[in-house]
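**Student:** Please see the structure below; I have some questions.
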Amino acid sequence: MAGSRQLHIAVGFDGDGTKTECAVLDGEGITLATGVAGPSNPQWANPHRLGTGPDASFSELAQAAAEALANAHLNPRQVEAVCAGLAGAGRRSMIRNAIVFLAHEFPDALTHVTTDCEVALEAAVGAGAGVVVIAGTRSSAFGRNDAGETAQAGGFGRSIGDDGSAYEIGRRAVAWMARSRDQGTPAKLLSDIIFATLNCHTWEELAERIAQNPDAVFPLLFPAVVSAAGLDDNAARDILYAAAVDLAATGLTVVRRLGLEEIEFPLVKCGGVFGVSPVMEEMFDVLVASGAPHVAISRLEVPVAVGAARLAARLARDEGRVAVYGRNS
C-alpha cells in the first residue's frame, strides 16, 4: 500500500433513476459546491431527455460536474480524486465504461466507480460498521461489520424486483386499481388522487402512458399513495405497510449476513421514500428493531454525493492508486 498523500480537490457523484448530484470537496472535507442533472442510471429511461443507456447517463454526469465545478470556480484538471456511485453499476461492463468516461473528464484524478450503496454507506458511517437501507426510485441495502466484511441485498432493478421502492409502490397502486376495476369495486379515493397526480382522465389513458414509459409513471405515484393513506384510504395504507415490510426484510437480510443481530450498530435510512409517511416509517422501524434489538435507526443527514467525494478522497489517500470495484457481495 502506498503512503498517504495530501489531497486538495475531490469530486463525488450520486447517480440514480431520478437525478444525478455532484459534490466538490476541498482537502479539509468542506463542500465547495454542488451540481444537479437528470437521471444517470442506464437501466432507467430518462423522461426529460432523448436517448437512454450509457451515453445519456454519462451526459448527465458531465452536466452535473460542469455545474458543480463552475460553482466552485474550478476546472477538471484541478480534481485529484473522483468517485461515482451509480445505481446499476453492479455490472463490470458498466464500471469499465464509467471509468473510461471519468478518466476522460478528469484526466489527472484517481477514480473509483461503484454502486450507490457503497457511497450511501460512506455518507452514513464513513469507514465504520453499519447498514444503510436505500429507498428511492429503486431500493437496496448495504452494510459493513467491524471485521470489514460487506453484504448487499436487493438492488436488482425493476424487472426482477426493487421491493419497497417508489417505483414498486406506484406499480402496486396501479395494480390495485386494475383489480378493483375488474371486480367492480374501485378504490375511488386512491384512483382519484392518482389520476389528478398524472393529469390523466381515463383508465385507458393511464394504461397507455404506462405502456409507453412506466419509469415516467410509477415513481411519480408514490406521493399520491402517501396522500391517500393520510386520508385513511385502506388500499393506500396497505400498499405502504407492504413496502415497509419489504424494506425491513431487505435491511435485516444484510444484518443477518453480517452477524449484527445481537450487537449495537447504526442503521441509516436513505432516499425519498423515507421521511414522508409516518405509518410506513413506524412499521419499518418496529420490524427492524424486532430483528435487531440493539440497532440505532436514523435518517441520513449527509448528501450521498458528499459521501462519494469523501470516499474518493479516502481511497486516494490510503491507496494512492486507481480503485475499481463492482457490486459487493
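**Student:** Run lengths n ≥ 4 of DSSP H only: what is the helix-derived mean residue ellipticity at 222 nm for the chain, with -39500 (n - 2.57) per run over all residues, to the nearest 500?
**Tutor:** On the way: 10 runs with 145 residues, N = 329.
Here the helix-only value at 222 nm equals -14500 deg cm²/dmol.
**Student:** Just need the relative contact order of the range 67-126 here, percent rounded to a whole number, with Cα pairs under 8 Å and 6+ apart.
**Tutor:** On the way: 66 pairs, mean separation 25.2, N = 60.
Reported relative contact order: 42 percent.
**Student:** Now, a different point. Lys/Arg Cβ at +1, Asp/Glu Cβ at -1, dipole of the chain taken about the Cα centre: which of SER57, GLY251, GLY85 is farthest positive-ward?
**Tutor:** Of the candidates, SER57 comes out farthest on the positive side.
**Student:** What angle, in degrees between 0 and 90 and rounded to the nearest 10, separates the Cα long axis of helix 278-291 from the longest principal axis of the Cα atoms of the chain?
**Tutor:** Between the helix axis and the principal axis of the chain, the angle is about 70 degrees.
**Student:** Once you compute Rg and the Kirkwood Rh from C-alpha atoms, what is the Rg to Rh ratio for the range 213-288?
**Tutor:** Result for the range 213-288 is an Rg/Rh of 1.04.
**Student:** Using a Gaussian network model of the chain with C-alpha springs under 10 Å, which one of ALA84, ALA196, ALA141 is most mobile by mean-square fluctuation?
**Tutor:** Maximum fluctuation in the GNM of the chain, among the listed residues, is at ALA196.
**Student:** At a threshold of 8 angstrom on Cα-Cα distance, excluding pairs fewer than six apart, so keeping six or more, what relative contact order does the chain reach in percent?
**Tutor:** Reported relative contact order: 25 percent.
**Student:** Something else: Kirkwood Rh, Cα Rg: Rg to Rh for the range 193-237?
**Tutor:** We get a ratio of 1.00 for the range 193-237.
**Student:** Now for a separate question. Taking the number of other C-beta atoms within 10 Å as the exposure measure, put GLU105, GLU149, GLU21 in order starting with the fewest. Spell out each step's value before the answer.
**Tutor:** Values: GLU105 19, GLU149 13, GLU21 23.
So the ranking, lowest neighbour count to highest, is GLU149, GLU105, GLU21.
**Student:** Then there is this: State, to one decimal in nm, how far the label point of ALA33 lies from the label point of ASP232, with both points 7 Å from Cα in the Cβ direction.
**Tutor:** 5.2 nm
**Student:** Moving on to the next point. What's the long-distance tail for the range 124-233, i.e. % of Cα pairs beyond 24 Å?
**Tutor:** 37 percent
**Student:** Right, here's the next one. Around PHE265, what is the net charge, scoring Lys/Arg as +1 and Asp/Glu as -1 over all other residues with Cβ under 11 Å from its Cβ?
**Tutor:** Local net charge: -3.
**Student:** Nearest 10 degrees, 0 to 90: what angle lies between the long axis of helix 92-105 and the longest principal axis of the chain (Cα atoms)?
**Tutor:** 60 degrees
**Student:** Taking only Cα atoms, what is the 0 to 90° angle, nearest 10, from helix 188-198's long axis to the longest principal axis of the chain?
**Tutor:** That helix lies at roughly 40 degrees to the long axis.
**Student:** Then there is this: Note down the nm distance, to one decimal, between modelled labels 7 Å out along Cα→Cβ at VAL286 and at ASP108.
**Tutor:** Going by the 7 Å Cα→Cβ label model, 5.7 nm.
**Student:** Take the Cα pairs of the range 235-324, get the Kirkwood Rh, then feed it into Stokes-Einstein at 37 °C and 0.692 mPa s and tell me D in µm²/s.
**Tutor:** Here the translational diffusion coefficient equals 220 µm²/s.
**Student:** Charges on Cβ only, +1 for Lys and Arg, -1 for Asp and Glu, centred on the Cα centroid of the range 177-256; of LEU190, ILE239, VAL225, which one is farthest towards the dipole's positive end?
**Tutor:** ILE239
**Student:** Dipole size in debye (nearest 20) for the chain around its Cα centre, Lys and Arg Cβ +1, Asp and Glu Cβ -1? Provide the component values of the computation, followed by the final result.
**Tutor:** Values: 26 positive and 38 negative charges, 129 e Å.
With only Lys, Arg, Asp and Glu charged at Cβ, the dipole is about 620 debye.
**Student:** Multiply the residue gap between ASP182 and HIS8 by 0.36 nm, knock off their C-alpha separation, and tell me the result in nm, one decimal place.
**Tutor:** Working: separation 174, 0.36 × 174 = 62.64 nm, distance 6.16 nm.
So the extension gain works out to 56.5 nm.
**Student:** Starting from 0 in steps of 20 Å, tell me what percent of the Cα-Cα pairs of the chain lands in each bin.
**Tutor:** Result returned by the calculation: 32, 54, 13, 0.
**Student:** Now for a separate question. Which order do the peptides 302-309, 124-131 take when ranked by the mean count of other beta-carbon atoms within 10 Å per residue, highest first?
**Tutor:** By packing density, highest mean first, the sequence is 302-309, 124-131.
**Student:** Over the Cα atoms of the range 105-161, what Rg and Dmax result, in angstrom?
**Tutor:** Considering the range 105-161 through its Cα atoms, Rg and Dmax are 13.2, 39 Å.
**Student:** Next question, about the same structure. How far, in nm, would the chain grow between ALA296 and PHE156 when pulled straight, counting 0.36 nm per residue and subtracting the alpha carbon separation?
**Tutor:** 47.7 nm
All of the numbers you see were taken from the coordinates with simple rules; none came from a lab. Source: prediction; values computed, not measured. No Cβ is skipped: glycine too gets one built from the backbone with ideal geometry, and neighbour counts run over all protein chains shown.
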